[in-house]
Amino acid sequence: MNYDDLAPIYDQQYDSYRDDLHFYAGLAERAGGRVLEIGAGTGRVTAFLTRRGAAVLGVEPSGEMIVGAQARAAREGLTLELVQATAQTFASDERFGLIIAPFNALMHLYTPAEQLAALQNIRAHLAPGGQFVFDLYVPHFGAMNTLRHEGETFHVPDGSRTDLFLLQRHDAPRQVITTEYFADTTAPDGALRRAHHTLTQRYYTRFEMEWLLRCAGFEAPRVTGSFQGGPLVETSEVMVFQARGA
């Protein structure tokens, strides 16, 4: 999945998402030392942890996402350390007491081979006694094959506005959800311009992920149904995994 074209929309969509920030900041504070973040994106979590005093090394495959993250850092007066690499290809002699993969980062691993390679590489970069923590959304989807607007409208200072529509297709046998985004930008003079982007994600079930972690050399994870803790239940929107190396 190449996020280069999606970077501006991604930043607009999720810049105000706050549900996970204090959870990951608390983990970083308790862990001490440097934190490795897989899938840093445009730096939403990276910047928050940095402002809270954590030393974070962010790994991100998309060059345009890194450009966005550095622009965020400049706006906020921060210095962010970011490396362009994937979860499978990142390599360092450093070992980390905490590795995180926030906000569905692992959903861009589409095959068992990719998933296992990434998790084994993450395990190899974990310090003794260290912890790998990540979250995934629970696969509840809206209406399929239906163009819909979910209230995402973005205004810019020049007076134009962008309305974001989406269309989803579900490939259940492959556990893949494909979301097509249609970004309609209306200029102040009424002229309309449409941009089209496609996002493909491979979702997981709880026990599938538990077995993948065990196969990659982790202990049985702690699994919760929210960032505040509590069990994973039918109404949960996220699965939060906390795993230590075996």
| said: Being touching a residue at least 24 places away in the same chain (Cβ under 8 Å), under 21 Å from Val223 (Cα atoms) and either in a strand (DSSP E or B) or open to solvent by less than 40 Å² (accessible area, probe 1.4 Å) (or both) is true for just one of Gly58, Gly129. Which residue is that? | reply: Gly129
| request: Filter region 199-214 for residues that are loosely packed, with under 13 Cβ neighbours inside 10 Å and farther than 27 Å from Ala127 by Cβ and give the result. | output: Phe207
| task | Could you identify the single residue in Leu82, Leu78 that is within 30 Å of Val156 (Cβ to Cβ), in contact with a strand residue (DSSP E or B) (Cβ under 6 Å, 6 or more places away or on another chain) and either part of a helix (DSSP H, G or I) or of a type outside the set (Asp, Glu) (or both)? | result | Leu82
| Between residues in region 191-203 that are at pLDDT 95 or above and residues that are outside any strand (DSSP E or B) and of a type in the set (Phe, Trp, Tyr), which pairs lie under 6 Å by C-beta distance while being six or more apart or on different chains? | Arg202/Tyr110
| field | Scope region 18-48; condition part of a loop (DSSP other than H, G, I, E, B) and open to solvent by 50 Å² or more (accessible area, probe 1.4 Å); matching residues | value | Arg18, Asp19, Gly33
| request: State all residues of region 1-17 that are aliphatic (A, V, I, L, M) and part of a loop (DSSP other than H, G, I, E, B); if no residue qualifies, say none. | output: Met1, Leu6
| note | Given (1) touching a residue at least 12 places away in the same chain (Cβ under 8 Å); (2) over 23 Å from Thr235 (Cβ atoms); (3) open to solvent by less than 60 Å² (accessible area, probe 1.4 Å); (4) of a type in the set (Gly, Ala, Ser), Gly142 misses just (2)
| Just wondering, is there one or more residues in region 95-110 that are open to solvent by 60 Å² or more (accessible area, probe 1.4 Å), at pLDDT 95 or above, under 21 Å from Ala55 (Cβ atoms) and part of a loop (DSSP other than H, G, I, E, B)? | yes
| message | Against the definition (over 17 Å from Cys215 (Cα atoms), touching a Ser or Thr at 6+ places or on another chain (Cβ under 7 Å) and modelled with pLDDT of 95 or more), how does Gln175 come out, yes or no? | response | no
| query | Residues that are touching an Asp or Glu at 6+ places or on another chain (Cβ under 8 Å): which strands (runs of 3 or more DSSP E) entirely in region 161-238 hold 2 or more of them? | reply | 161-171, 176-186, 192-202
| task | Would you be able to say whether some residue in region 66-76 is closer than 22 Å to Gln242 by Cβ and at pLDDT 95 or above? | result | no
| request: Output the residue which, of all residues in region 1-17 that are hydrophobic (A, V, I, L, M, F, W, C) and open to solvent by less than 60 Å² (accessible area, probe 1.4 Å), is nearest to Pro128 (Cα to Cα). | output: Ala7
| Residues satisfying the stated conditions in region 228-246, i.e. touching a helix residue (DSSP H, G or I) at 6+ places or on another chain (Cβ under 7 Å) and buried (at least 17 other Cβ atoms within 10 Å of the Cβ) | Met239, Phe241, Ala243, Gly245
| query | Would region 215-223 turn up any residue that is at pLDDT 95 or above, small (Gly, Ala, Ser) and surrounded by fewer than 17 Cβ atoms within 10 Å (Cβ to Cβ)? | reply | yes
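The values are calculated or read from the model by the stated rules, or taken from the named source; none is laboratory data. Keep in mind that what you see is a predicted model, and the values were worked out from it rather than measured. Virtual Cβ from ideal backbone geometry, glycine too; neighbours counted across all protein chains shown. The area values use the complete protein model at the heavy-atom level, side chains included, leaving out ligands, DNA and RNA. Shrake-Rupley method; radii C 1.70, N 1.55, O 1.52, S 1.80 Å.
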